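A short write-up of the structure that comes next.
The values are calculated or read from the model by the stated rules, or taken from the named source; none is laboratory data. Bear in mind the structure is a predicted one, so any value in this text is a computation, not a measurement. FYI the Cβ positions are ideal-geometry reconstructions off the backbone, even for glycines, and counts take in every protein chain you see.
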Amino acid sequence: MELIIVIVGFLGAGKTTLLKRLTKEYLGKSWDPYIILNDYQNASMDAQQFLSFLSPSQVNALSGSCICCSGINELRIQVNSIPKREKGITFIEANGTTDACELMGFLGVGLKEQFLPPIQISVVDVKNWQERGHHNELEAHQVQVSSLVLLNHTDGVGTERIEEVKRSVLELNPSADIQLWSEFDSSTLLSFVPSKNQPKKMDHAKTHWSSCSVDLPDPIESKRLKYVLDELPESILRVKGCTKLDEDKHYSYFERVPSGRVSVRPYTGDLITGPKLLVIGPGSDPDNLKELLTKSLPGPI
């Protein structure tokens, strides 16, 4: 029977990075992986980056729906359409505000017999764990039915903080296996079983966030992009996009996580969506984005 691994975690915790790591490591062990990515807007932008080491038939992107409620049927249909494989393993990356408990409850019903019951991994940003104000409840909810909790973003973090986060997670999910990202051995996934922890109830509406995307100039000056990112409302907690910067001949993928850290890296894949700026969080408004872009450029776009 085939294993299904569901990756959850708050915005910017490191879910896509983990997905890439797991996919590559299992490919190296002669497994046949299939991945499904879910996001608010243009999940195909992330999905394209996997095509440097996977074929298009191994990657699927689900955009614009919440896979813990309105999109669960589409997700279940997609999983059930995966052909049976000799050494198959399926990875599902949920969007950063997913109701992780609802997702596991719904996904565990109606799957074909070729699949084992889904296992959930939660990625935790140690530096920002439970320091998100109004969104602390959502972040805490995302570890409550995880079989494995991976502690990420520990660079420069003291042992005392790491132990504090471990204690906090265990209070929410006493049966969770908690591991540091640097110590995690992906081969141990085969030994995990679904969590039996009983989660606390949460208002599901807290997982439904606004989002939007707009076209970006191709190219755009780095300083002008920086202006746009700096001027976004504080309520926008996740930003990502892709375009050419300055005189570059290649596309670059950029992102800003809730802590405010911005990173830029070369985009590997075909940008089938065209250059885009995507934002997630209360106050997401395409007209506001277009206004910011207009202000940042010499003339209207």
| query | For the stretch 1-102, list the helices (runs of 4 or more DSSP H) that sit wholly inside it and hold at least 2 residues that are within 29 Å of residue 130 (Cβ to Cβ), touching a Pro at 6+ places or on another chain (Cβ under 6 Å) and modelled with pLDDT under 90; which are they? | reply | none
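Conditions (1) in the same structural domain as residue 254 (by TED's automatic domain parsing); (2) without any contact (Cβ under 8 Å) to a residue 24 or more places away in the chain; (3) over 21 Å from the mean Cα position of the chain (by Cα); (4) under 30 Å from residue 291 (Cβ atoms), marked per residue:
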| residue | (1), (2), (3), (4) |
| --- | --- |
| 133 | no, yes, no, yes |
| 137 | no, no, no, no |
| 163 | no, yes, yes, no |
| 180 | no, no, no, no |
| 217 | yes, no, yes, yes |
| 220 | yes, no, yes, yes |
| 229 | yes, no, no, yes |
| 236 | yes, no, no, yes |
| 240 | yes, no, no, yes |
| said: Just the residues that are in a loop (DSSP other than H, G, I, E, B) and of a type outside the set (A, V, I, L, M, F, W, C), please, taken from the stretch 248-263. | reply: 248, 249, 250, 251, 258, 259, 260, 261
| query | From the set of residues in the stretch 257-279 that are buried (at least 21 other Cβ atoms within 10 Å of the Cβ) and at pLDDT 90 or above, which is farthest from residue 218 (Cα to Cα)? | reply | 279
